[in-house]
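Asks: What follows is a single structure, and I will ask about it in a moment.
The values are calculated or read from the model by the stated rules, or taken from the named source; none is laboratory data. Every value quoted in this text rests on a predicted model; they were computed, and no experiment measured them. Cβ: placed from backbone, ideal geometry, glycine included. Neighbour counts: every protein chain shown. What goes into the accessible areas is simple: the full protein's heavy atoms, side chains included, and nothing from ligands, DNA or RNA. Shrake-Rupley method; radii C 1.70, N 1.55, O 1.52, S 1.80 Å.
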Amino acid sequence: MNYVKKTHRFGLLTPSSNSTQEPEFSAALPPSVSLHTGRVAYRDITPEEQDRCVLELETESRKLADAEVDAIVFAATAPTLAKGKGYDRELIKRMEDAAGRPATTAATAFVEALDLLGARTIAIGQPWSKIMEKPMIAFMEAHGFKVVHSEVVGFVHSIELGRVGPDTAYELARRTDRPDAQAIIMPGGNWSTMPVIERMEGDLGKPVLVNNAVSIWAGLRLLKRGDRIEGYGTLLREHIAA
């Protein structure tokens, strides 16, 4: 095993049932960035679980601060936009106050990435049920984006979503796409989307922003990194530098 000096520590807050983010983040992060994870209680993809998982936000943020992480990303989309526009900023403040570190959320990252790309008209491919679809659409519309189409898969149990292969994400992206969509966004951190980003963007001819890639992107920007990360789509390849 070759030694690579770690210059930055990336703090990840992930739902307790998530089995996808740690492998995908570890694979994509630059070798000099180490990954450190905290977990908030979250089993099913439901409104009730969204409320439960943020109860542990301060506790887990403080634990990450004990490891002296340089930034914290709460990399779950649905829980970080559950109460509408501005809720993600409330969660960020809670994390930053608890940990004394810069923080962000997956919901925030989607908005900032779309703004950077100049994409105002979007389509959304969501892995969860119809009851979870509306808050995502409302959040994006409240930030000025036009949602031309939305598709869902129907997962409720997060642990089952974590067993789904990347072809499910690819097929959902194809069903979701519309000619007038300037970008496709795919929330949900516990399904394997990163291995097929390049394929989706190549076939559809537009940016495809997935939960884990935008969360990594946002975290690296907090770390003030300028890495060019190949193999995971245009956002991580072209747009990390501020």
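Asks: Rg (Å, one decimal) plus Dmax (Å, integer) for the alpha carbons of the stretch 110-181?
Replies: Just the Cα atoms of the stretch 110-181 yield Rg and Dmax of 12.8, 34 Å.
Asks: Which value, in debye to the nearest 20, gives the size of the charge dipole of the chain about its Cα centre, when Lys and Arg are +1 and Asp and Glu are -1 at the Cβ? Walk me through the numbers before you get to the answer.
Replies: Details: 29 positive and 32 negative charges, 75 e Å.
For the chain, the charge dipole is close to 360 debye.
Asks: So which helices of the chain fit the span-like rule, where a helix is a whole DSSP H run, its Cα atoms reach 27 Å or more along the axis, and its mean Kyte-Doolittle is at least -1.0?
Replies: Values: long enough: none.
Helices passing the filter in the chain: none found.
Asks: For the chain: lysine pairs with Cα atoms under 29 Å, gap of 8 or more or different chains, count?
Replies: Counting lysine pairs in the chain gives 28.
Asks: Also, quick follow-up: Restricting to the chain, what percent of DSSP beta bridges are antiparallel, rounded to 5?
Replies: Working: 1 of 29 bridges.
Here the antiparallel bridges make up roughly 5 percent for the chain.
Asks: Using a probe radius of 1.4 Å on heavy atoms only, what accessible surface per residue do you get for the chain? Whole Å² is fine. Write out the running numbers ahead of the final one.
Replies: Details: 10060 Å² over 242 residues.
Ligands and nucleic acids excluded, the result is 42 Å² per residue.
Asks: If you don't mind, there's one more thing I want to ask. What would the Debye equation give as log₁₀ I(q)/I(0) for the stretch 98-242 at q = 0.13, 0.18, 0.19 Å⁻¹, counting only Cα atoms as equal point scatterers?
Replies: Debye curve over Cα of the stretch 98-242, log10 I(q)/I(0) at q = 0.13, 0.18, 0.19 Å⁻¹: -0.53, -1.04, -1.16.
Asks: Quick check: Cα centre of the stretch 19-77 to Cα centre of the stretch 170-242, how many Å?
Replies: The distance from the Cα centre of the stretch 19-77 to that of the stretch 170-242 comes to 19 Å.
Asks: Please compute the Kirkwood hydrodynamic radius of the stretch 1-111 from all pairs of different C-alpha atoms, in Å with one decimal.
Replies: Numbers: mean 1/r = 0.0705 Å⁻¹.
After inverting the pairwise mean of 1/r, the radius is 14.2 Å.
Asks: Taking 0.36 nm per residue of separation and subtracting the Cα-Cα distance, what length does fully extending D167 through K85 add?
Replies: Values: separation 82, 0.36 × 82 = 29.52 nm, distance 3.17 nm.
Contour length minus Cα-Cα distance gives 26.4 nm.
Asks: Which FRET efficiency, nearest 0.05, do A138 and D97 yield, Cβ-Cβ r, R0 25 Å?
Replies: Numbers: r = 27 Å, r/R0 = 1.07.
Efficiency for this residue pair is about 0.40.
Asks: Work from the charge dipole of the chain (Cβ charges, +1 for Lys and Arg, -1 for Asp and Glu, about the Cα centre) and give the residue of V214, M132, V54 farthest towards its positive end.
Replies: V214
Asks: Next up: Restricting things to alpha carbons, tell me how big the chain is in terms of Rg and Dmax, in Å.
Replies: Just the Cα atoms of the chain yield Rg and Dmax of 16.4, 48 Å.
Asks: Fully extended, how many nm does the chain gain between A41 and S129 (0.36 nm per residue separation, minus their Cα-Cα distance)?
Replies: Working: separation 88, 0.36 × 88 = 31.68 nm, distance 1.97 nm.
This chain segment gains 29.7 nm when fully extended.
Asks: Ok, one more. In the stretch 139-230, which GluC sites (Glu not before Pro) are in a loop and have at most 12 other Cβ atoms within 10 Å, using DSSP for the loop call? Walk me through the intermediate numbers first.
Replies: Numbers: sites: E141, E151, E160, E171, E198, E201, E230; in loops: E230.
Passing sites in the stretch 139-230 are E230.
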